[in-house]
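Once you've had a glance at the structure underneath, I'll fire off some questions.
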Amino acid sequence: MAPAQDRQAPPSLEDLIPDSAVEDPEGWAAQGAPADPPEDAAVAAMAELDADSPLADVPPIDLPWPDDLDLPAMADLEPDDSIEFADAIEDGQPRPGLADAEIVRISSELVLAFPPGEAAFPQRSEFADRFAQLSTIAELDSDEDNIAQLAARAKADEELLETMLRVYGYYDGQVVRTVGAIQPGEEDAANRPKVRFDLIPGARYRFGAIDLGNLSAAPDASALRSAFEIRSGDPLSSDRIVAEQFDLDRALGELGYPFAAIEEPELLVDHAREEGDLTMKVEPGGKFAFGAVNSNLPEFLSGRHLATIARFDPGDIYQRSLEYDLRRAIVSTGLVSSVTITPRKVSEPVGGQPGEVALDVEMTKAKLRTIAGAIGYGTGEGFRLEASWEHRNMFPPEGMLRLRGIAGTQQQLAGVTFRKNNFGGRDKVLTLDAFGSTISSQAYDARTVSFVGTYERLSTLLFQKPLSWSVGFEAVATQERPAPIGGVVQPRQTYFVGALPVYAQVDTTDSLLDPKEGFRIGGRLSPEVSRSNGTESVYLRSQVDASYYQQVTEKVVLAGRVRFGAIPGTALANIAPSRRLYSGGGGSVRGYGYQAIGPRDANGNPTGGRSLVEGAVEARIGTKFFDGALSVVPFLDAGSVSRSVTPDFETVRFGAGIGLRYNTGFGPLRFDVATPVNPAPGDSRIAVYVSLGQAF
């Protein structure tokens, strides 16, 4: 029986292209398209069909399921003895992927398994430490973690390890992740879930071809290429590419190439060769020497003044570090809130000679007026309140005027100071100070008018100097009297003193305010002429200070100091009491009152002396309190003062105590409590000192 014909089926290809078209294609094409056939009745009926009318029922499809389906049997897999599995991870047990692994524990929940032998992965220690700092599992390690939480974190750590392997040059490395399987509800301290990663690094790739662009065209090509220490055949490392790019950039900046440009490095890894070809285009941009320094605020800080504080002269080969140093020096003036220095090409290099580059300095003024204050207390010294007002650029450039005053238990002072920073050179300061003061202490009572001038080169917080020095002069008129004797006030004696003090210090410490390593040694000499009651005396005030600092552990610093002083040339009575040598107090021998150590009169009042010796040792012990900002400092001090020029070691006073230091970020805040070990009659049993900075 012939199959039924579907009248609604589309025409076949044979129906559309008759035999005549095959025999005469051109003639058939010339007949044109046939007329539209008459519309089928079924099609016309569909056109009139209402869209909301229901659909006819679809007849069911009934296909019998074959009963004689025969599938081939699956072959059994051969066991692989090189891979071992376990239900839970235990220390030292072989894991999947590495049967003889060397285990490195990252946390209580995480271990890394490396191939045995150092040669298989030489960077394992560095790799493990780095992974520990970045691991999500290690960061979120908790006794409450369950198997689901660890599994989620393990996926992120696996991706991290794969990235790290490529960073170290292992581009074919594999990471096998295993999460310890335990039953729900058994997550206790003895049976916590753990994660293990087996690292199968494979071969470490090496650097192939290295393309540094136009670096070879630079006059210093050899030195610059030496700064970039990657060579073909070296083990591949992304970290090393970054480090050597930095070294090359620094070398370009230090050898006279201010306009050098380095494109981002590109690494093309060839797995067949197990190499990576490095491309890092370098454009040196020509070699230049320093020219002029230009200021956008010539009336405030002129370009000429900025050139005097720069550590280079016109014609010196450009160095980026000297440009940065100039910026720091401008910031340290305290006169600007922002500084931008832009190198500008003035002339091109010609015939092997460097071009010229000017430095255009763009500055924004800072607030120039400051009101400051300080308060301190010491047993024997009492309270001391100090306040000041200053304008830091009243006399441009860097001419400061300061008004200051002190109101204290023992001292009152009013003074005016003119200070010229960077005067005659970098970090050199001219200071002129005029003040009047009154001092009332156990040793003497003085009313003094002084005019002091100093020219110095001293350390600053930004620029600590290995060598500091100062020279100056003093003109002093003072009326002084010793402490009352038996309640009887002594008459005042007038002294006119002229002095030419000089000072020098060598400093190898690592910090100006809170040293932990190094030493300081300094000396002061002051030849003086004193006239009083028609008697003229010439003498030399001298003093040597030395201190040493040694960090013995991460938390402990040992510090010690010694001081020697002497005034040869005249008798003690010819020296004004305020210019004699004294010991005792917070900056001297703690545990004793201010200037309380040394010779005394019949009523027990200090008289001062012509020689002095002091020493101190202390341990600065860090704690965990206040995020490590708090330190405990036990200390022992000693000192002696003699009327003679040679020190008297027969009567040495000792003081001991303990202190606290709170690191403010600017410097340590000091709080010391001390007691005299062998006090003299009248010495207090407890002394307290509060100030900013270490005792020495």
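Read-outs: derived from the displayed coordinates by stated rules, not from any lab. The shown structure was predicted, so the numbers you read here are calculated from the model rather than taken from an experiment. Here Cβ is always computed from backbone atoms with ideal geometry, including for glycine, and neighbour counts include all displayed protein chains.
Return the FRET efficiency for the residue pair V506, I317: r is the Cβ-Cβ distance, R0 is 35 Å, and the value is rounded to the nearest 0.05.
0.70
Mind ranking 633-645, 498-510, 559-571 by how tightly packed they are, going by the mean number of other C-beta atoms within 10 angstrom, highest first?
Ranking the peptides 633-645, 498-510, 559-571 by packing returns 633-645, 559-571, 498-510.
To make sure I understand the rule: partners must be lysines, Cα under 30 Å from the Cα of K194, and not fewer than 8 residues away in the same chain. Which ones qualify?
Hits, sequence-local ones excluded: K155.
Then there is this: Indicate the gyration tensor shape class of region 339-490 (rounded, prolate or oblate), computed on the Cα atoms with a ≥ b ≥ c the square roots of the eigenvalues: a/c under 1.5 is rounded; otherwise a/b larger than b/c is prolate and the rest oblate.
prolate
Which pairs break 21 Å Cα to Cα here: K367/K428; K428/K465; K345/K367; K287/K428?
Over 21 Å Cα-Cα: K367/K428; K345/K367; K287/K428.
Any chance you could tell me what percent of the C-alpha pair distances in region 369-692 go past 38 Å?
The calculated P(r) of region 369-692 puts 15 percent of pairs beyond 38 Å.
Hey, rough spin-label estimate for D211 and T535, points 7 angstrom out along Cα→Cβ, what's it come to in nanometres?
Reported label-point gap for D211 and T535 is 9.2 nm.
Rank the residues V556, V195, V339, V489 as a footprinting-exposure proxy: fewest other Cβ atoms within 10 Å of their Cβ go first.
V489, V556, V339, V195
Pop a pseudo-label 7 angstrom from the Cα along the beta-carbon direction at both E554 and L660 and give the gap in nm to one decimal.
2.5
Can I ask one more? Kindly identify region 288-365 as rounded, prolate or oblate by the Cα gyration tensor criterion: order the square roots of the eigenvalues as a ≥ b ≥ c, call it rounded if a/c is under 1.5, otherwise compare a/b with b/c, prolate if a/b is larger, else oblate.
Cα axes put region 288-365 in the prolate bin.
How big is D, in µm² s⁻¹, for region 206-283 by Stokes-Einstein at 20 °C and 1.002 mPa s if Rh is the Kirkwood radius over C-alpha pairs?
168
Based on the mean of other Cβ atoms within 10 Å per residue, sort peptides 621-629, 306-314, 382-390 so the most packed one is first.
306-314, 382-390, 621-629
Another question, if that's okay. Compare the peptides 462-469, 598-605 by average per-residue count of other Cβ atoms within 10 angstrom and give them in order, highest first.
Averaged packing, sorted descending, gives the order 598-605, 462-469.
Placing +1 on the Cβ of each Lys and Arg and -1 on the Cβ of each Asp and Glu in region 227-364, which of G276, I330, Y318 has its Cα farthest towards the positive end of the resulting dipole?
Of the listed residues, the answer is I330.
Where does the charge balance sit around P397 when Lys and Arg score +1, Asp and Glu -1, over other residues with C-beta under 13 Å from its C-beta?
With Lys, Arg at +1 and Asp, Glu at -1, the net is +3.
For T460 and K155, what does the FRET efficiency come to when R0 = 51 Å and r is the distance between their Cβ atoms, rounded to the nearest 0.05?
0.45
Under a straight-distance cross-link criterion of Cα-Cα below 28 Å, which lysines are reachable from K624, leaving out those fewer than 8 residues away in the same chain?
Straight-line reach from K624, under 28 Å: K516, K555.
Okay, moving on. How charged is the neighbourhood of E618? Take every other residue with its Cβ under 12 Å from the Cβ of E618, and add Lys/Arg as +1 and Asp/Glu as -1.
Taking every Cβ under 12 Å from that of E618, the sum is +3.
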